[in-house]
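Take a look at the structure set out below.
The values are calculated or read from the model by the stated rules, or taken from the named source; none is laboratory data. Everything quoted here is computed from the prediction, not taken from an experiment. Cβ: placed from backbone, ideal geometry, glycine included. Neighbour counts: every protein chain shown.
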């Protein structure tokens, strides 16, 4: 089997919730050994669902877990010993947390001079809000995304899933690779201050430019095209399928030639030759009336069939996929995107695969997400060399959880 690109890299992972675990999952998929240090104990409530399936299974596959009590001096001692054996230490706490444990870069560089510490805090380590606690939805609001995503009434809607966590997670993985490459060239580690707020704000696109250059307050764009003029341009509800009345089709018509192909594909109904829709300029001016006509047509169509009809005519159109659609998507299936993972009870689940395919050193999904503390024996025994008696003593003292 080909070596994976990051084999030999060890990451001590303090991250939690979503953004940080996304970053370390990307690195684990490519072969890095990711050791999660987590809070255990009977009072820990897993608000994110079962560990081995669903979102938790996605976030923590290919990782190992140790349940270490960071409020106990011996727990901190264990963490520092693991840091001395690691290439990177990653967290996504607010700026003050790692410092309070003596696990910040200034402390760990004394233990391992070439250590890389990546702090994926919400707002960064400098500035008046550096100690604020944040979550993806709050960062989306701060960065203006919630305002830009509005419903038909103009009320802010935001995202159903936390886009901020994905932006932060992918930025964190990229930061790790950059820092590792720097160390390979120079032999020196470093501290990486990653503000998830800034990672998200940098993705605001034209809105950010308009704010910075023109000082204009941003209004929700609705379904208006933000790249070039287009009409019709939006999503239109289609005929129910198998009891599902939430079927939608996205359509974008950007030129006169596309409009003519669109009208022909629909059978040239009378409204397509209405004088209000004769040119793109007029279609833009009469957008509401045009959308009403397109919506009436779409309501009688099956979404997939309408998509194929328009695509074959050279018109941009696509079904708005839901989770069930994605699970059965033929393109994803052809690429084996959903990877099967065996569960300890003999069952199996599927998780999203590795979207980055390296020809020489392919990443892979190799193991199911561990339960909290599942790898205590490996981490404390095999890595740190602690015997059974000492591990039992740590458990009795409350420095680790069983």
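Some notes on this structure:
- Matching option when the condition is in a strand (DSSP E or B) and either surrounded by fewer than 12 Cβ atoms within 10 Å (Cβ to Cβ) or under 20 Å from the mean Cα position of the chain (by Cα) (or both), among 351, 341: 351
- Test for residue 310: is it surrounded by 11 or more Cβ atoms within 10 Å (Cβ to Cβ), assigned to a helix (DSSP H, G or I) and either in contact (Cβ under 8 Å) with a residue 60 or more places away in the chain or in the same structural domain as residue 266 (by TED's automatic domain parsing) (or both): yes
- Any hit, region 52-59, residues being in the same structural domain as residue 393 (by TED's automatic domain parsing), surrounded by 23 or more Cβ atoms within 10 Å (Cβ to Cβ) and touching a helix residue (DSSP H, G or I) at 6+ places or on another chain (Cβ under 9 Å): yes
- Candidate set: region 16-38, residues that are within 21 Å of residue 399 (Cβ to Cβ) and in contact with a strand residue (DSSP E or B) (Cβ under 7 Å, 6 or more places away or on another chain); chosen: the one surrounded by the most Cβ atoms within 10 Å (Cβ to Cβ): 36
- Only a single item in (1) modelled with pLDDT of 95 or more; (2) outside any loop (DSSP other than H, G, I, E, B) is not met by residue 385, and it is number (2).
- Residues that are touching a helix residue (DSSP H, G or I) at 6+ places or on another chain (Cβ under 7 Å) and either in a loop (DSSP other than H, G, I, E, B) or buried (at least 20 other Cβ atoms within 10 Å of the Cβ) (or both) within region 94-118 comprise 102, 103, 104, 108, 111, 112, 114, 115, 116, 117, 118, listed in sequence order.
- Filter pass, residue 351 being in contact (Cβ under 8 Å) with a residue 24 or more places away in the chain, touching a helix residue (DSSP H, G or I) at 6+ places or on another chain (Cβ under 9 Å) and outside the structural domain of residue 60 (by TED's automatic domain parsing): no
- Residues (closer than 30 Å to residue 345 by Cα and over 26 Å from the mean Cα position of the chain (by Cα)) located in region 53-81: 68, 69
- Yes/no for residue 88 being surrounded by 18 or more Cβ atoms within 10 Å (Cβ to Cβ), in contact with a helix residue (DSSP H, G or I) (Cβ under 8 Å, 6 or more places away or on another chain) and closer than 16 Å to residue 20 by Cβ: yes
- Residue ID - farthest from residue 306 (Cα to Cα), chosen from residues in region 240-261 that are in contact (Cβ under 8 Å) with a residue 12 or more places away in the chain and part of a loop (DSSP other than H, G, I, E, B): 255
- If the condition is being crowded, with 18+ Cβ neighbours inside 10 Å and free of Cβ contacts under 8 Å to residues at least 24 places away in the same chain, then region 354-390 contributes only 386.
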